[in-house]
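Here's the structure we're looking at; comments come further down.
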Amino acid sequence: MNLTFARAARDLCAVLILLAASGEAVVGQETPVGPKWWPSQWGPQDERGAMNRMTPQKVLEAVKLVQRGQVYELGRTYEPGMPLYGNRHYSLTIVGTPSGGPFGRNQIVWHDEMFSGEIGQIGTQFDGLGHVGVRVGDKDYFYNGFERSDFAKPYGLERLGVEKAGVLFTRGILADVASLKGRERLEIGYVITPEDIEGALEKQGVAPPGEGDAVLVRTGHGSLWMKDNAEYNRGEPGIGTAAARWLIDHKVTLVGADNVGVEAVPGDSPETVWVVHQLLITRSGVHILENLNLDALAKDKVYEFAFVFAPLKLKGATGSPGNPIALR
């Protein structure tokens, strides 16, 4: 199969997916985001999705990428005034000062804090498989076909909680699409295509993603963080449905970006909302990592690295905060 034909076939597939997500008539369509996607390739009871691709072999491959002992923190600081999506909130209060003590001959004193907020969905955030689903008729379906009414409870999800995800220690690659386009920051609404990702990786001299890899996409949108929060939240450049399908076809475990939600907003179609989330998370079990700081990686031209992230084991949570790191 020549490259031109392969790309045409891939683009046609992307169009069909987009039409399905837009509610248009598509042959074989059973849901608003295409044909029924369950049971998972990992079995009808699976709750880990693409994290099943995390194998000892992937860890050993990633370790070989650490040559200089450099550590890059990719997480944002959780603090008052940071950009928050919609009406989500963040609050941290020191409980008294000191919170306890003094006690004993040694006169120990200490501080505690009280936190309030959507702990898995603010700041740098890892989306679990219980975060996003799709309504089909009068029922809501999530990854692996689990019905919301069967597992969503007020005090935690009884399936697909983020505690099921496990640890990521794998090959990570950065696709610096902003630099490819010669821009400090891609414009809001710019839809990143498979060709953009392929072009960035080719320019950087990095092999395409392999099974189990983590792919981080730099749009430059992160330069607005804590500098122009209103613009940061107004919309964003990001991947579109074709790029999402390309990443799914490459069997990646995680997709991250320096924006609110990884995907372009507005995206491919004015009739769809966060459809890339549904393609990655709901249909494919691929996790998403949002609001990353990728500037240091881009500045140092670190395009391939060992990527490490351990979601907090918050039983029944939709996601997790954290500080992912890149090692080289």
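Structural remarks
- Here the contact order of the chain, divided by its residue count and restricted to Cα pairs under 8 Å and six or more residues apart, works out to 27 percent.
- Among the helices of the chain, those built from whole DSSP H runs whose Cα atoms reach 20 Å or more along their own axis and whose mean Kyte-Doolittle hydropathy is at least -1.0 are 3-21.
- Computed helical MRE - 222 nm, the chain, DSSP H runs ≥ 4 contributing -39500 (n - 2.57), nearest 500: -5500 deg cm²/dmol
- Taking the stretch 107-224 and dividing mean pair separation by its residue count, relative contact order in percent (alpha carbons under 8 Å, at least six apart): 21
- Net charge of neighbours whose Cβ lies under 11 Å from the Cβ of Q278, counting Lys and Arg as +1 and Asp and Glu as -1: +1
- Restricting the trypsin sites (Lys or Arg not before Pro) of the stretch 243-313 to loop positions (DSSP other than H, G, I, E, B) with no more than 11 neighbouring Cβ atoms within 10 Å leaves K301.
- For the chain, accessible area per residue (1.4 Å probe, heavy atoms of protein chains only), Å²: 47
- Among E231, E304, E271, the order of accessible area from largest down is E271, E304, E231, computed with a 1.4 Å probe on protein heavy atoms.
- Near G256, the amide H atoms lying under 5 Å from its own belong to V215, L216, V217, L289; only residues 5 or more places off or on other chains count, and H is placed 1.01 Å from N.
- Heavy-atom accessible area ranking, 1.4 Å probe, most first, across Y303, Y85: Y85, Y303
- Residue of V109, V286, V215 that the Gaussian network model of the chain assigns the largest fluctuation, springs spanning Cα pairs under 10 Å: V109
- Residue-wise HN-Hα coupling along the stretch 180-190, computed from phi with Karplus coefficients 6.51, -1.76, 1.60 (Hz; x: Gly, Pro): 4, 8, x, 10, 5, 8, 5, 5, 4, x, 5
- Under-5 Å amide H pairs with G172, H placed in peptide plane, nonlocal only: A214, F305, A306, F307
- Accessible surface of the chain, 1.4 Å probe, proportion on carbon and sulfur as whole %: 54
- Accessible surface comparison of M114, M226, M54, M82, probe 1.4 Å, protein chains only, largest first: the order is M114, M226, M54, M82.
- Among the listed options (i) 79, 49, 43; (ii) 56, 44, 38; (iii) 98, 43, 38, the one matching Cα extents along the principal axes in Å as calculated from these coordinates is (i).
- Beta bridges by DSSP in the chain, antiparallel share as percent, to the nearest 5: 70
- Working note: Karplus 6.51/-1.76/1.60 with θ = phi - 60° gives the stretch 289-300 the couplings 10, 10, 6, 8, 9, 10, 5, 5, 4, 5, 4, 8 Hz, where Gly and Pro are set to x.
- GNM result for the chain, Cα springs below 10 Å: residue of G137, G240, G261 fluctuating most strongly: G137
- Of the GluC sites (Glu not before Pro) in the stretch 116-195, those whose Cβ has at most 10 other Cβ within 10 Å and which sit in DSSP loop: E184
- Net charge of Cβ neighbours under 9 Å - reference D176; Lys, Arg +1; Asp, Glu -1: +3
- When the Gaussian network model of the chain links Cα atoms closer than 10 Å, the mean-square fluctuations of P83, P102, P194 top out at P102.
- A Förster radius of 56 Å, combined with the Cβ-Cβ distance separating V273 from I108, puts the computed FRET efficiency at roughly 0.60.
- 3J(HN,Hα) along the stretch 261-278, derived from phi through the Karplus expression 6.51 cos²θ - 1.76 cosθ + 1.60 where θ = phi - 60°, amounts to x, 6, 8, 5, 9, x, x, 4, 9, x, 8, 10, 10, 6, 5, 5, 4, 5 Hz, with x in place of Gly and Pro.
The values are calculated or read from the model by the stated rules, or taken from the named source; none is laboratory data. It should be emphasised that the depicted structure is a prediction, and the values quoted were computed from it without experimental measurement. Glycine gets a Cβ as well: all are built from the backbone with ideal geometry, and neighbour counts include every protein chain shown. Protein only, heavy atoms only, side chains kept; ligands, DNA and RNA dropped before computing areas. Shrake-Rupley method; radii C 1.70, N 1.55, O 1.52, S 1.80 Å.
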